[in-house]
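A quick write-up on the structure given underneath.
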Amino acid sequence: MSTVAEFIRLAATAVEQLSTDYDSTVQQHGLAAARFNWSGYVLATLLPYLEEHGIDLMQSPYEALTTQLSRTRGATIFIFTPAHKSAYSDRLSPAQFSADDLRDYFNEFNETDEAEIGQAMLDGITSIRQSLAGLDADSVILFSIG
C-alpha cells in the first residue's frame, strides 16, 4: 500500500492556471500546508468515511476543474476552500473520532485486516484539519492523492 498524498496551499487566483500548467503553477505558487506520512490510500478511504458523517470535503465550486485534473493527471484531486474550513474545521478534531471505528471502516471498505490503520486514519484527520487551518479568504488547498 503506497501512494503519496499532498496538501498544497495556493492563492485562489492561481487555481484556474492548474488546468493549463499544473506543475509550474504548483511550483511557483504552492506551499506545503500539511504532511501525511502514511499511504495516500488511507485518505482515499477517509474521505468517504467523513462524508458519511456529514463532512463532505469532496464537493467544491471547483468540481469541474478537479474532475478534469484527476482524469488528466491520473490522480485523485480535490480543492478545499474557506467554506470547507468554516463548515468542518471544528468537527475535524481527532478526539471526536474512534481509532477502532476508523480501523473497522477501513478494513470493511477495503476488505483488509489492518490492525493499526485506525491511527493512520486519525492522522489523516489531523492532516486535513491542519491544511484547512492555513486557509484564508484568498487561498485554497489543492489536495491530491496519486
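The values are calculated or read from the model by the stated rules, or taken from the named source; none is laboratory data. Please read these numbers as outputs of a predicted model, since none were measured by experiment. Every residue, glycine among them, receives a Cβ derived from its backbone with ideal geometry; neighbour counts consider all protein chains shown.
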Is it the case that some residue within region 89-98 is over 13 Å from ALA5 (Cα atoms), at pLDDT 95 or above and surrounded by 19 or more Cβ atoms within 10 Å (Cβ to Cβ)? yes
Residue check: is ARG129 of a type in the set (Lys, Arg), in contact with a Ser or Thr (Cβ under 8 Å, 6 or more places away or on another chain) and surrounded by 16 or more Cβ atoms within 10 Å (Cβ to Cβ)? yes
What number of residues within region 65-81 are surrounded by 14 or more Cβ atoms within 10 Å (Cβ to Cβ) and without any contact (Cβ under 8 Å) to a residue 24 or more places away in the chain? 2
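Name the one entry in ILE128, ILE55 that is under 25 Å from ALA12 (Cα atoms), hydrophobic (A, V, I, L, M, F, W, C) and under 11 Å from the mean Cα position of the chain (by Cα). Spell out how you get there, then give the answer.
Numbers: ILE55 fails: under 11 Å from the mean Cα position of the chain (by Cα).
Testing whether each residue is under 25 Å from ALA12 (Cα atoms), hydrophobic (A, V, I, L, M, F, W, C) and under 11 Å from the mean Cα position of the chain (by Cα) leaves just ILE128.
Which residues, counting only those in region 1-52, are in a helix (DSSP H, G or I), of a type in the set (Val, Ile, Thr) and closer than 14 Å to GLY124 by Cα?
Step one: filter region 1-52 for residues in a helix (DSSP H, G or I), giving 12-29, 40-52.
Next, from what is left, pick out any that are of a type in the set (Val, Ile, Thr): 13, 15, 20, 25-26, 42, 45.
VAL42, THR45, listed by residue number.
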Find all pairs meeting these conditions: Cβ atoms under 7 angstrom apart; at least six residues apart or on different chains; first residue within region 5-31 and under 13 Å from SER144 (Cα atoms); second residue surrounded by 11 or more Cβ atoms within 10 Å (Cβ to Cβ) and of a type in the set (Phe, Trp, Tyr). ALA5/PHE36; PHE7/PHE143
Looking at region 71-85, can you tell me whether even one residue there is touching a helix residue (DSSP H, G or I) at 6+ places or on another chain (Cβ under 8 Å), over 27 Å from HIS29 (Cα atoms), basic (Lys, Arg) and not in a loop (DSSP other than H, G, I, E, B)? no
Filtered residues of region 99-123 (kept if in contact (Cβ under 8 Å) with a residue 60 or more places away in the chain and surrounded by fewer than 17 Cβ atoms within 10 Å (Cβ to Cβ)): PHE109, ASN110
Cβ-Cβ distance below 9 Å, separation of 6 or more or different chains: which pairs start in region 82-95 with a residue that is more than 15 Å from ALA33 (Cβ to Cβ) and end on one that is of a type in the set (Gly, Ala, Ser) and surrounded by 15 or more Cβ atoms within 10 Å (Cβ to Cβ)? ALA83/SER60
